[in-house]
Each structure stands twice: as structure tokens, then as C-alpha cells.
Amino acid sequence: METRIRVLTVRPSLDGHWRGLAVVSTALRDAGMEVIYGGVALNADEITSAAIQEDVDVIGLSMYGRFGIAYKVCEMLRDLPGRRPLLLVGGAVPPDEIQPLKDSGVDGIFVAGSSLDSIVAYIRAKCRERADDAEAS
Ligand code: B12
């Protein structure tokens with residue numbers, strides 16, 4: 001039996017934009033993934049520690065500003081020994097923030113209007129790719 005993909009979903013900020021993460025977390029769960037809902041107002045340390053403790057395949061951040069935390073998480077993940085989880089950012093990401101986030105290590109960015117199917121498909125494809133690479137090495 002294939003193991004379920006484990007995803008930690010978090011909204012680092014305390015602003016009122018909760019709908020995006022609720023919709024995405026539900027879609028991932030409905031697609032058969034194990035969703036660990038980390039809640040709101042977590043800092044980079046808390047996000048990284050939760051990801052390690054829960055041994056997740058994916059960290060999903062829902063962000064509507066204050067992108068500093070995403071850069072900090074990238075930095076902390078870079079220092080991890082061994083396999084690092086895939087890092088996704090969704091929400092209101094301004095166009096000029098997309099490339100710098102990717103250059104820092106964010107794997108996928110999903111802005112307003114992204115289809116839930118495309119998010120599920122992206123996660124499945126990337127996790128399959130990583131599992132194949134791990135098997136081959
Ligand atoms: C509804 C709304 C609100 C609601 C919140 C609804 C809720 N409960 O979530 C309320 C009225 C509370 C609100 C408040 C504010 N809002 Co508002 N809001 C919106 C609006 C119109 C729609 C957001 C929404 O719910 N969309 C539906 C959900 C499903 O879509 P989504 O959030 O984009 O999520 C999708 C993707 O982003 C992605 N995604 C999201 N999270 C994640 C996580 C992962 C892991 C992944 C993979 C993908 C993913 O997938 C989802 C599906 O496609 C947007 C504009 C817009 N059209 O996007 C502005 C918008 C987000 N708001 C904005 C602003 C500025 C504010 C306020 C600061 C306004 C103010 N001056 O008061 C306040 C925040 C104050 C506060 N303290 O909270 C800005 C953000 C600008 C920015 N930071 O770049 C926007 C973009 C409007 C704009 N054009 O200026 N808002």
C-alpha cells in the first residue's frame with residue numbers, strides 16, 4: 001500500500017484571511033493526504049520544528065503579507081540534514097515576491113485563482129519524483 005502524503009498547513013500571520021488555507025487543507029485531505037493543521041501565528045522556528053516532529057513531506061504556508069517568515073523557513077530548511085520537506089506558499093503573493101521566494105528555496109507558489117486540482121496534482125507529482133529519486137540512489 002502506498003504511504004499517505006503528509007502535509008503540514010500553517011497560516012503564519014494572525015490576519016483575517018483564513019479561507020484560503022481552510023479550502024486548501026480540506027482539498028488535500030479529500031484527496032487522501034494526511035493534513036496536519038498547524039493553525040495560525042506560528043513563527044519560523046515553530047513551523048520548522050512541527051515539520052520535523054511530524055515528519056511531513058510538505059509544508060504549506062498561507063500568506064497574505066509578512067513574507068519574512070517564508071524566507072526564514074527556507075533558511076532553516078536549508079540547514080536540515082537529510083531529506084527536507086517540499087515548501088509551498090499560497091495566498092496573496094505579489095508578483096515581485098515570486099522569484100525571490102523561489103530563489104530562496106520555495107518549491108511551488110499558488111496565488112489567488114489557483115485550482116485545487118492543480119495544487120493536489122503538483123504535490124503528488126513532486127512527492128512521486130522524490131520517492132523515485134530516493135529509490136534510485
Ligand atoms: C475575502 C477577503 C478578505 C476577508 C477575509 C476572508 C477570509 N475569512 O478568509 C476580510 C474581509 C476579513 C479581509 C480583510 C483584509 N484584507 Co482581504 N481579501 C479578501 C479577498 C477579496 C478574497 C480572499 C479569499 O478569501 N479568496 C478565496 C480563497 C479561497 O482564495 P485565496 O485566499 O486566494 O486562496 C487561494 C490561493 O491563494 C491558494 N492558497 C491560499 N493559501 C494556500 C496555502 C497553501 C499551502 C497552498 C498550496 C495554496 C494556498 O489556494 C487558494 C485556492 O486557489 C482578497 C482579494 C482576492 N481577490 O484574492 C483580499 C485580499 C487578500 N485582502 C487584502 C487586504 C489588504 C486586506 C486587509 C488588510 C484590508 C484592510 N485594509 O483592512 C484586511 C486584513 C485585516 C486583518 N487584520 O485581517 C489584500 C492583500 C494584499 C497583499 N497582502 O498583497 C487582497 C489581495 C486585496 C487586494 N487586492 O488588495 N479580506
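Rule-based calculations on the coordinates, nothing more; no lab input. Everything numeric here is computed off the predicted structure, so don't read it as measured data. Neighbour counts run over all protein chains shown; Cβ positions are idealised from the backbone, glycine included.
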- Query: Using alpha carbon centroids, what distance separates region 100-130 and region 56-94, in Å?
  - Reply: 11
- Packing-based exposure ordering (other Cβ within 10 Å, fewest first) of Val23, Val93, Val7: Val23, Val93, Val7
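Calculate, for Asp117 and Glu46, the FRET efficiency according to 1/(1 + (r/R0)^6) with r their C-beta to C-beta distance and R0 41 Å; round to the nearest 0.05.
That gives a FRET efficiency of 0.85.
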- Note on the structure: Rounded to the nearest 500, the 222 nm mean residue ellipticity computed for the chain from DSSP H runs (n ≥ 4, each -39500 (n - 2.57)) alone is -14500 deg cm²/dmol
- What relative contact order, as a whole-number percentage, does the chain give when Cα pairs under 8 Å and 6 or more residues apart are counted? 24
- Message: Quick check for you: which residues of region 97-121 have the amide N under 14 Å from the point 7 Å beyond the Cα of Arg78 toward its beta carbon?
- Response: 100-107
- Fewest first, what order do Met63, Met33, Met76 take by the number of other Cβ atoms within 10 Å? Met76, Met33, Met63
- Among Lys72, Lys102, which comes first, second and so on when ranked by fewest other beta-carbon atoms within 10 Å? Lys102, Lys72
- Task: Kindly provide the pair-distance distribution of region 6-136 built from C-alpha pairs, with 10 Å bins from 0 and whole-percent values in order of increasing distance.
- Result: 12, 48, 35, 4, 0
